[in-house]
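Written below as structure tokens is the structure these notes are about.
The values are calculated or read from the model by the stated rules, or taken from the named source; none is laboratory data. Being a predicted model, the structure only gives us computed values, none of them experimental. Please note: Cβ atoms are built from the backbone with ideal geometry, for glycine as well, and neighbour counts cover all protein chains shown.
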């Protein structure tokens, strides 16, 4: 049964200076960061490397936990790829993923958690399209911190997804849930980690 009193945030560190990143967390009253990057390192922004970030956050009274093994966006096994692209729907059905979700949900009863990955826009990141979706479908309130400081609800994300996919128009013969699932699938095909060499942007990210 969902605990509707629980709220979980997400944030992307992108190219932010640590001070700006911390300010966004503090503005949203975040007390813990759950790192959902598969590879918790940043070549160009070393302040977001796992150990460095953990130590900095702890000095600023923000807890840190790494959950990239359970909730990362870059799978290791070939069975989680479809035509060379990470298949979020398959990944969401694994026991490891379920355990990761439970850890976040339980943690959110004690801390105000922000799940962190690298992408600036939640619509470009598995923290939203995979993890945020799964939490939202369990009745958890999910909200996304933008680099501007604005915080948007996951329902707004889903509305935007429908618009982007062209599936927002009412179709009497297709259930809304099916149209939404197709919109998620369409977006994931564009932004999920890809093994294909021509997908240079995603192959270089820290998901």
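Hey, residue 84 hits all of (1) closer than 26 Å to residue 183 by Cβ; (2) out of contact with any strand residue (DSSP E or B) (no Cβ under 9 Å at 6 or more places or on another chain) but one; which does it fall short on?
(2)
Condition first: in a helix (DSSP H, G or I) and farther than 24 Å from residue 155 by Cα. Can you find one or more residues in segment 22-37 that meet it?
Within segment 22-37, one or more residues are in a helix (DSSP H, G or I) and farther than 24 Å from residue 155 by Cα.
Within segment 142-150, identify whether any single residue is crowded, with 21+ Cβ neighbours inside 10 Å and outside any strand (DSSP E or B), and answer yes or no.
No, because not a single residue in segment 142-150 is crowded, with 21+ Cβ neighbours inside 10 Å and outside any strand (DSSP E or B).
Have a look at 77, 5 and point out the one that is free of Cβ contacts under 8 Å to residues at least 24 places away in the same chain and within 22 Å of residue 152 (Cα to Cα).
The unique qualifying residue is 5.
Determine whether segment 103-126 contains at least one residue that is touching a helix residue (DSSP H, G or I) at 6+ places or on another chain (Cβ under 6 Å), within 18 Å of residue 6 (Cβ to Cβ) and in a helix (DSSP H, G or I).
Scanning segment 103-126, I find no residue that is touching a helix residue (DSSP H, G or I) at 6+ places or on another chain (Cβ under 6 Å), within 18 Å of residue 6 (Cβ to Cβ) and in a helix (DSSP H, G or I), so the answer is no.
Can you pull out the residues in segment 42-79 that are surrounded by fewer than 18 Cβ atoms within 10 Å (Cβ to Cβ) and more than 21 Å from residue 145 (Cα to Cα)?
Across segment 42-79, the qualifying residues are 43, 44, 46, 51, 52, 55, 59, 69, 76, 77, 78, 79.
Here are some conditions: (1) surrounded by 18 or more Cβ atoms within 10 Å (Cβ to Cβ); (2) out of contact with any strand residue (DSSP E or B) (no Cβ under 9 Å at 6 or more places or on another chain). Residue 114 meets all but one. Which one does it not meet?
Answer for residue 114: the failing condition is (2).
Which of the residues spanning segment 136-152 are within 24 Å of residue 98 (Cβ to Cβ) and free of Cβ contacts under 8 Å to residues at least 60 places away in the same chain?
The answer is 136, 137.
Can you run down the residue pairs with Cβ atoms below 9 Å, 6 or more apart or on separate chains, where the first is in segment 43-57 and on the phi < 0 side of the Ramachandran plot and the partner is at pLDDT 95 or above and surrounded by fewer than 12 Cβ atoms within 10 Å (Cβ to Cβ)?
45/17; 47/17; 52/46
Anything in segment 18-42 that is without any contact (Cβ under 8 Å) to a residue 60 or more places away in the chain and closer than 13 Å to residue 112 by Cβ? List them, or say none.
Selection gives 26 alone.
Quick check: is even one residue across segment 56-74 modelled with pLDDT under 95 and outside any helix (DSSP H, G or I)?
No, the conditions are met nowhere in segment 56-74.
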